[in-house]
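Reading through the structure tokens given below for one structure.
The values are calculated or read from the model by the stated rules, or taken from the named source; none is laboratory data. Since we're looking at a predicted model, the values are computed, not measured. Cβ sites come from the backbone with ideal geometry, for glycine too, and all protein chains shown count toward neighbours.
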Amino acid sequence: MKTPDSTAVTPSASTSLPTGGTMANHAVTTGPRSSATENAAPWTGTVLRWGIVAGGAGALLTLLGATMDPRRAAAAYLVAFASALAIALGALAMLMIGHVVRATWFVVLRRSCEDVTAVLPWLALLSIPVFVAIPLLYPWGGSPTGLSAADMARLAAREPWFDIPFVIGRAILYFAIWMGLSMALRRWSLKQDQTVDETEALRLSNRQRVTSAVGLTPYAFAVTFAAFDWLMSLSVEFYSTVYGLEYWSGGLVAALALLAVMLVPLGRVEGPAAPEGAATAEHSHALGKLLLTFVIFWAYMIFSQLIVIWSADLPAEGVFYVSRFHGWWGAAGIAVVVGNFVVPFLLLLLRDVKRYPRVLALLGVWLLVFHWLDVQWLVMPSLYAQAFPIHWLDLTAIAAVWGSCAAILALRSRGHAPVPAGDPRLAASVQYQPDS
């Protein structure tokens, strides 16, 4: 990988890519600096092994905890599932936006993004325990006790929307939209790797761009209503139209943080177009700037919802913050703001943090941890307002869900080049400079 102060790869007669000709000339493969094969990212073996261990151990311990406290285990699982799903959905949004705006620098990272979205079918299976646990978690799913007459009236008004078969049917529709978009974009991208006709490759690129442009609208509706159905409805009184954006923006920050981690091994992917590695300091810098943008956007979503509810001072809306501003949850909220905004905001202002991929990757790991805590803060006070923010079941559930997702990610990252080798813009992406 290039050092942060180095310049772009200057193609020589032996390394430059032709603007025309066959797509075979555009290949970027894993070179001698990596122990990986041509069709596998070098990190997949380690992640697969540890993901299986963490996922298996976490699942067993969570099941054991469910025999002792079923509701607490279900709540921990919901947070782990929702936080993992947000990352995959954030990656899908980034993938589609990259196609729509034709971001040249992002082409190198696109295959990593596609592999993250390929975890969505597994997440669809992981959603089943959430729906099994509906009577334990949701006031509309069982026989609610301790609710006021006004809350019971609210539940009665929402009964048609929260009819359990209808809720499950909507969930199937949401996953069908997400998985359909993810699978189509990934299939066409992989097909590009096999084509030797540049006209066909350009046609596949255009198909991905059009599908992304059309798919962003149903994707956005599905994410918003999924957040309403699975998270916001944990509270009878509270409602907010910003809630879906708040959940989505946190997931997008976490997805970019994960891409920052995955950027490091791409620096060891070599080939005729990338003698110094496919990912350079310029890609790290561009990713860091985008990460800073969405860290600010996430904070704006949090603040915009808070300031509107604070100004209106309506009991039905303020109840959401009453439990989250006091006691241990108040301290957890401060930790989320500091860890997910203040620290990354200050660090990402520094040029060197953005240009050193390993430093940016460390910040990415930090943001992934606080993404989970952010979802924990969004969800858990609606169920356990007086509890300490972290329970041992939270840790086992995160190991089960995130560990298994990491293993699936490693599996889906095998069998193909770690970069979109058939994309006509790959050479330009490898040689990306901000002023180009």
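Summary of computed values
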| read-out | value |
| --- | --- |
| Residue list for segment 203-219, restricted to those being surrounded by 15 or more Cβ atoms within 10 Å (Cβ to Cβ) and out of contact with any His (no Cβ under 9 Å at 6 or more places or on another chain) | Leu204, Arg207, Gly215, Leu216, Pro218, Tyr219 |
| Condition met for Thr199 (surrounded by fewer than 19 Cβ atoms within 10 Å (Cβ to Cβ), under 30 Å from Ser148 (Cβ atoms) and without any contact (Cβ under 8 Å) to a residue 60 or more places away in the chain) | no |
| Index of the failed condition, His371 passing every other in (1) closer than 23 Å to Pro389 by Cα; (2) surrounded by fewer than 22 Cβ atoms within 10 Å (Cβ to Cβ) | (2) |
| Segment 395-426 - residue that is crowded, with 24+ Cβ neighbours inside 10 Å and over 24 Å from Trp43 (Cβ atoms) and, of those, farthest from the chain's Cα centre (by Cα) | Thr396 |
| Thr62 being of a type in the set (S, T, N, Q), touching a helix residue (DSSP H, G or I) at 6+ places or on another chain (Cβ under 7 Å) and either farther than 24 Å from Ser182 by Cβ or assigned to a helix (DSSP H, G or I) (or both) | yes |
| The listed residue being in contact with a Phe, Trp or Tyr (Cβ under 9 Å, 6 or more places away or on another chain), in contact (Cβ under 8 Å) with a residue 40 or more places away in the chain and in a helix (DSSP H, G or I), out of Leu92, Leu136 | Leu92 |
| Some residue of segment 96-117 being under 24 Å from Ser212 (Cβ atoms), in contact with a Gly (Cβ under 8 Å, 6 or more places away or on another chain) and outside any helix (DSSP H, G or I) | yes |
| Options Tyr239, Tyr243; residue that is among the hydroxyl-bearing types (Ser, Thr, Tyr) and under 17 Å from Gly90 (Cα atoms) | Tyr243 |
| Among (1) in contact with a helix residue (DSSP H, G or I) (Cβ under 7 Å, 6 or more places away or on another chain); (2) assigned to a helix (DSSP H, G or I); (3) charged (D, E, K, R), the one test that Arg324 misses | (2) |
| Qualifying residue in segment 90-102 (condition: closer than 13 Å to Asp394 by Cα and surrounded by 24 or more Cβ atoms within 10 Å (Cβ to Cβ)) | no |
| Candidate set: segment 182-230, residues that are outside any helix (DSSP H, G or I) and touching a helix residue (DSSP H, G or I) at 6+ places or on another chain (Cβ under 6 Å); chosen: the one modelled with the lowest pLDDT | Val196 |
| Residue match in segment 343-366 (condition: assigned to a helix (DSSP H, G or I), out of contact with any Phe, Trp or Tyr (no Cβ under 9 Å at 6 or more places or on another chain) and within 21 Å of Leu306 (Cα to Cα)) | yes |
| Residues that are among the aliphatic types (A, V, I, L, M) and within 17 Å of the chain's Cα centre (by Cα), drawn from segment 98-124 | Leu109, Val116, Ala118, Val119, Leu120, Leu123, Ala124 |
